[in-house]
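What follows is one structure encoded as structure tokens, with my remarks underneath.
The values are calculated or read from the model by the stated rules, or taken from the named source; none is laboratory data. In this text, all values refer to a predicted model and were calculated from it rather than measured experimentally. Cβ sites come from the backbone with ideal geometry, for glycine too, and all protein chains shown count toward neighbours. Heads up: the accessible areas ignore ligands, DNA and RNA and are worked out on the full protein's heavy atoms, side chains in. Shrake-Rupley method; radii C 1.70, N 1.55, O 1.52, S 1.80 Å.
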Amino acid sequence: MHDEQQRPEHGPLSGFTVGVTAARRADELGVLLQRRGATVVHAPALRIVPLADDGELLTATKELVDNAPDVVVATTAIGFRGWVEAADGWGLGEELLARLRGVELLARGPKVKGAVRAQGLTEEWSPSSESMAEVLDRLLEEGVDGRRIAVQLHGEPLPGFVESLRAAGAEVVLVPVYRWMPPEDIGPVDRLLDAALTRGLDALTFTSAPAAASLLSRAEERGVHAEFLAALHHDVLPACVGPVTALPLQAHGIDTVQPERFRLGPLVQLLCQELPGRARALPIAGHQVEIRGHAVLVDGSLRPVPPAGMSLLRALARRPGWVVARAELLRALPGSGRDEHAVETAMARLRTALGAPKLIQTVVKRGYRLALDPAADAKYADA
């Protein structure tokens, strides 16, 4: 019970909205973010379709038959079966199986192990957890410098797996059993883009380079490419699982944040540091106020604020302690028209949401100001 009482009422990502572009493992990433308090907007930027008679898979298969790798990693049962079936169709099935018998074969979990054994092969090792992180740890412990490792992909490359192997000196051969395509329903992607453009997102996560490239491409199709890049430059934090994933964004001059370890857990931990670090914290009317994406912490208590109220609060916080005129606040309100009464209505709701009316002072005939503590200027000067 004591532990329960000590636990804060909010997580490090409470009050922030995070976009997720992943097609696979999106649920896992979403749960990790939500457990830390984030609001999650998910739109798979791609879908995964089987390769029928694809030249890429044929080329990779021939390359492995002709030039044996040291290690082959089988990641999914359906992908491994699909690979062997495709090789059979090209008349390379027996040669591929013969080659796989002579290398270190790792299977990610029981299902993949079953698919491997169904082909008359025996895996050298398989984690019981179905965790690619465990497979990666084993390979890195063995040492991969100068070794040739073939990785059977199933749609989205597992975040950071290939990047970590290459960083440790391995030559990685990708076996793409499935291909990326745009999603059949583009609606969620457009809603995610709209959320970024209106600054309804605080961060946007990417776990694969194709997803990043797809979102940029969709922004271009809609004629909002420059606006989307501006959002990523200034207000929406782009967080990538690793350097390869970040390449399409970097090509457009976008700086990204990346965890030191290319995995989902460290990616979420990085956001837990970065987003609160970017929030504006001010001492106002004897309270500690931290302005987050769609909520405000007042003395550590989380207060959700409507979008109009957040727009007003941000406009006031740009010049804390200074009076901001109603006309300027009206311009900050989304779609409010010309009626300054809209400012008064939104301000009343904002004060109610904050639960501390004295945070914002009305200056008669002039506008509103944040009641910044008198010592605040000196405190910031010392910082």
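Normalised radius of gyration (Cα atoms, divided by 2.2 N^0.38 Å) for the range 56-118: 1.03. The HN-Hα couplings worked out from phi for the range 256-266 by the Karplus form 6.51 cos²θ - 1.76 cosθ + 1.60 (θ = phi - 60°) are 10, 9, 9, x, 5, 9, 7, 9, 5, x, x Hz, whole numbers, x standing for Gly and Pro.
In the chain, the sites counted are trypsin sites (Lys or Arg not before Pro) in DSSP loop states with at most 13 other Cβ atoms within 10 Å, and the longest stretch holding none of them, exclusive of the sites, is 1-317.
The angle between the Cα long axis of helix 341-354 and the main principal axis of the chain comes to about 70°, on a 0 to 90 degree scale.
To the nearest 10 degrees, how steeply does helix 307-317 sit against the main Cα axis of the chain, on a 0 to 90 scale? On a 0 to 90 degree scale, this one is about 70.
For the range 96-140, the relative contact order comes to 39 percent (Cα pairs under 8 Å, sequence separation of at least 6).
Using the 1.4 Å probe convention, the accessible area of the chain works out to 47 Å² per residue with neighbouring protein chains retained.
Within a straight-line Cα-Cα reach of under 13 Å, residue 62 can be paired with the following aspartates and glutamates, leaving aside sequence neighbours fewer than 8 residues apart in one chain: 54, 88, 94, 95. Its Cα gyration tensor gives the range 318-358 an equivalent ellipsoid. The semi-axes, each the square root of 5 times an eigenvalue, are 18, 14, 8 Å from largest down.
Residue 180 exposes around 60 Å² of accessible area when a 1.4 Å probe is run over every protein chain in place. When Cα Rg over 2.2 N^0.38 Å is calculated for this entry, the matching label among (1) 0.93; (2) 0.98; (3) 1.23 is (3). Heavy-atom accessible surface of residue 255, to the nearest 10 Å², is about 130 Å², with a 1.4 Å probe and all protein chains retained. For the range 107-123, putting each phi into the Karplus relation 6.51 cos²θ - 1.76 cosθ + 1.60 with θ = phi - 60° gives couplings of 10, 7, x, x, 5, 5, 4, x, 5, 5, 5, 5, 8, x, 9, 10, 6 Hz, in residue order, rounded to whole numbers and with x for Gly and Pro. The phi-based Karplus calculation (6.51 cos²θ - 1.76 cosθ + 1.60; θ = phi - 60°) puts the 3J(HN,Hα) values of the range 291-296 at 8, 9, x, 10, 7, 10 Hz, whole numbers, x for Gly and Pro. Close amide H partners of residue 20, meaning residues 5 or more places away or on another chain with modelled amide H under 5 Å apart, are 41, 42, 43, 205.
Beta-bridge orientation, the chain: approximately 45 percent antiparallel, per DSSP, counting only bridges with both partners inside. When the GluC sites (Glu not before Pro) in the range 176-240 are filtered for DSSP coil states and for at most 15 other beta-carbon atoms within 10 Å of their beta-carbon, the remaining sites are 184. Report, to the nearest whole %, how much of the accessible area of the chain belongs to carbon and sulfur atoms, 1.4 Å probe, protein only. Reported share for carbon and sulfur atoms: 50 percent. Relative to the longest principal axis of the Cα atoms of the chain, helix 187-197 runs at roughly 50 degrees. Among residues other than residue 367 with Cβ under 9 Å from its Cβ, the summed charge is +3 (Lys and Arg +1, Asp and Glu -1). Database remark: amide H of residue 301 closer than 5 angstrom to no amide H (H placed geometrically; neighbours at sequence offset of 5 or more, or on other chains; Pro and chain starts carry no H). In this structure the amide hydrogen of residue 153, modeled in the peptide plane, comes within under 5 Å of the amide hydrogens of 175, 177, none closer than 5 places in sequence on its chain. The share of Cα pairs per 5 Å bin across the range 249-383, counted from zero up to the longest distance, runs 2, 9, 17, 19, 16, 12, 10, 8, 5, 1, 0, 0 percent. Express in whole angstrom the spacing between the alpha-carbon centres of the range 44-98 and the range 281-311. The distance from the Cα centre of the range 44-98 to that of the range 281-311 comes to 53 Å. Our estimate of slack between residue 348 and residue 251, defined as 0.36 nm per intervening residue step minus the Cα-Cα distance, is 30.4 nm.
From helices alone, the chain scores -13000 deg cm²/dmol at 222 nm; the rule is -39500 (n - 2.57) for each run of n ≥ 4 DSSP H residues, then divide by the residue total.
Summing charges over all other residues whose Cβ lies under 13 Å from the Cβ of residue 96, with Lys and Arg as +1 and Asp and Glu as -1, gives -2. Going by accessible surface with a 1.4 Å probe and the largest first, 181, 310 read 181, 310.
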